[in-house]
Amino acid sequence: MAVIDQHYATHCTYGSSAITRRETGDLADYVLGYSVRASSYPQNDLRRHFRTIERFLYYYLPKDTPPNKKQNLTAAAAPHRFFYTPSLSGLQALGYISYRQTDCAGRVGSYFAHVLTGDVDRGQPAWDVIDCLQLFNAPGWVLEDSSAFAYELPALLDLDTLRAGTARPLDERVL
């Protein structure tokens, strides 16, 4: 059975990144920048894997968002960015990106991304675009970072796991 890898990506310190994993020591609290916060992908090749999907990981609030509102918006209240790419250097990727009020350096305006990847070069079947669209706003997407996250996430066996038993939010009539 094909495995679907999960990744959480956001602005990290050396201590909070699943790539560097420096929980203690002098560098633990230093700002690293955008990185993988947690992943089901093996650590030894995680940096290369992240570089493949990194160009799709960005988020901007609408241009007319007042500056004072940027500090008060939450991940649940702000618009989300959703993307799917069926072929990216042997991977397929599906992501849900949410607003994050501040980054690790305390600057206003950042993002938190929950991304799924499948290795089509290793025989994983291509995901259906309609199945991907029907995962928009599914309850299984993680919207915010947490210090409780471990570096390692479980892999998924299928995309429907994100629906968590709920009905598809976009039915055939909408599509």
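Below are the figures for this structure:
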read-out: Loop chymotrypsin sites (Phe, Trp or Tyr not before Pro), segment 9-102, which have at most 15 other Cβ atoms in a 10 Å radius of their Cβ (DSSP); value: Tyr30, Tyr58, Tyr60
read-out: Within the chain, helix-based [θ] at 222 nm, where runs of 4 or more DSSP H residues each add -39,500 (n - 2.57), nearest 500; value: -2000 deg cm²/dmol
read-out: Extension reserve of the Arg48-Val108 stretch, reckoned as 0.36 nm per residue once the Cα distance is removed; value: 18.8 nm
read-out: Probe 1.4 Å, accessible area per residue of segment 1-159, Å²; value: 52 Å²
read-out: The chain, accessible surface, carbon-and-sulfur percent (1.4 angstrom probe); value: 50 percent
read-out: Virtual spin-label span in nm between Ala155 and Tyr58, 7 Å along Cα→Cβ; value: 3.1 nm
read-out: Label-to-label distance, nm, for residues given as Leu88 and Ser147 (7 Å Cα→Cβ offset); value: 3.1 nm
read-out: Inter-label distance, nm, simple model (7 Å from Cα along the C-beta direction), Thr166/Val129; value: 2.5 nm
read-out: Cα lying deepest toward the dipole's positive end in the chain, options Gln92, Val3, Thr24, charges on Cβ; value: Thr24
read-out: Spin-label zone in segment 45-86 - amide nitrogen under 14 Å from a point set 7 Å from the Cα of Asn137 along the C-beta vector; value: 76-82
read-out: Alpha-carbon centroids, segment 75-130 and segment 1-36: separation in whole Å; value: 16 Å
read-out: Cα gyration tensor, the chain - rounded (a/c under 1.5), prolate or oblate; value: oblate
read-out: Estimated dipole of the chain in Debye, rounded to 20 [Cβ of Lys and Arg +1, of Asp and Glu -1, Cα centre]; value: 540 debye
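The values are calculated or read from the model by the stated rules, or taken from the named source; none is laboratory data. Computed from a predicted model, the values in this text were never measured in an experiment. Every residue, glycine as well, gets a Cβ built from its backbone with ideal geometry; the counts of neighbours run over all protein chains shown. In case anyone asks, the SASA skips ligands and DNA or RNA and just uses the protein heavy atoms, side chains included. Shrake-Rupley method; radii C 1.70, N 1.55, O 1.52, S 1.80 Å.
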